[in-house]
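The values are calculated or read from the model by the stated rules, or taken from the named source; none is laboratory data. Everything numeric in this text was worked out from a predicted model, so none of it was measured. Don't worry about glycine lacking a Cβ; one is built from the backbone with ideal geometry, like all the others, and counts go over all protein chains shown.
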Amino acid sequence: MKSSSASNFTALCYFARKYLGDLDSSKEIVHSVFIRIWENRSSFDWDKPAKSYLFTSVYNRSMNFIRDNKKFITHEASEIREEITDTAAFSDTLKLLSWRSRIKSALQRLPEKCREVFELNRF
């Protein structure tokens, strides 16, 4: 009986992980399902197949978890997007500084009159 419970726990964790993507949250959900069964053991219908009940319960709790944590996931995704944007902006700034340095170096190599004409035209 003990190995059956352990294998059910493992299978249910991986089942929940398909929806949640996080093993720790999956374990918490499966654990809470087992606790609820234990707490309501006096009213639990032991004649029905437990396996389908377990998977249905884990699925429902996973969906509830996703629903309840959606705002946090959205906020996290927003922070990641901002970080990517900041990194891209920083990269663009570095490229711009590099180009400015190259242009300045090329201008310094031009004869004085050519450089003056170019600077008056562009700057």
Q: Residue by residue through region 40-58, note down the ones that are modelled with pLDDT of 85 or more and hydrophobic (A, V, I, L, M, F, W, C).
A: LEU54, PHE55, VAL58
(Q) Residues that are surrounded by 13 or more Cβ atoms within 10 Å (Cβ to Cβ) and modelled with pLDDT under 90: does region 70-81 have at least one? (A) no
